[in-house]
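These notes are about the structure you will find just below.
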Amino acid sequence: MSPTNSSAERWNASHPPGTQVIAYPDRDGEPLYTWTRSLAMAHGRSGPVVLVEGHAAVLPLSRVDAGPWKLTPENYGHIDEATDRDNTFAKQYTAALDGQIVTVGMRIGERPDRVIARFGDVIVRHGSGVYTVRSAESGAA
């Protein structure tokens, strides 16, 4: 077995299709908050590669970070785009702060199953397409 095949097999052992990732399709571009849509596979000189939702070409595993997304003001738009690609409703979550209404997080999904992620919380997209949130306040993030 080649090193490329063994690397892909190691990835596949714990990252099935639907795994939540942050991908970097362009070397200097914006991150893509997404999920895998294939198993990793050997790909010549590129090493192991995988397909991700929202990008047409395969990506080397070296440009894909597996794991949930921590919501921040800086990545809010990227995560909102990811939920759009997933056909999941998402909207600003606001609160009154010093007499002004400000965005403090994101609502994901529709009632009665919606979840609320505040900045600092971790958003988990499960392979089934269901979203859950690990609260930063509980220390679970």
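The values are calculated or read from the model by the stated rules, or taken from the named source; none is laboratory data. Since the model is a prediction, treat every value here as computed from it, not as a measurement. Every residue, glycine among them, receives a Cβ derived from its backbone with ideal geometry; neighbour counts consider all protein chains shown. Calculation scope for accessible area: heavy atoms of the full protein, side chains included, ligands and nucleic acids excluded. Shrake-Rupley method; radii C 1.70, N 1.55, O 1.52, S 1.80 Å.
Karplus-based coupling profile of the stretch 114-124, in residue order and whole Hz: 5, 10, 10, 10, 8, 3, x, 6, 9, 9, 10, with θ = phi - 60° in 6.51 cos²θ - 1.76 cosθ + 1.60 and x standing for Gly or Pro. Remark on residue 105: its backbone amide H falls under 5 Å from those of 93, 119, a criterion applied only to residues 5 or more positions apart or on other chains, H modelled at 1.01 Å from N. Here the Karplus relation 6.51 cos²θ - 1.76 cosθ + 1.60, evaluated at θ = phi - 60°, turns the backbone of the stretch 30-37 into coupling constants of 6, x, 10, 7, 7, 8, 6, 10 Hz, with x for every Gly and Pro. Atom-type composition of the exposed protein surface of the chain places 49 percent of the accessible area on carbon and sulfur (1.4 angstrom probe). If I take all pairs of Cα atoms in the stretch 58-121, what percentage of them are more than 19 Å from each other? Roughly 40 percent, once rounded to a whole number. Around the Cα centre of the chain, unit charges on the Cβ atoms of Lys, Arg, Asp and Glu (plus for the first two, minus for the last two) sum to a dipole of about 320 debye. Here the 3J(HN,Hα) profile of the stretch 48-59, calculated from phi with Karplus coefficients 6.51, -1.76 and 1.60 at θ = phi - 60°, is x, 10, 8, 8, 10, 5, x, 9, 6, 9, 5, 10 Hz, Gly and Pro shown as x. Building the convex hull from the alpha-carbon atoms of the stretch 1-127 and averaging its projection over directions returns 9.0 nm². In this structure, the amide hydrogen of residue 69, modeled 1.01 Å from its nitrogen in the peptide plane, lies closer than 5 angstrom to those of 123, 125, counting only residues at least 5 positions away or on a different chain. Projected label points at residue 74 and residue 37, each 7 Å from Cα along the beta carbon direction, are separated by 2.8 nanometres.
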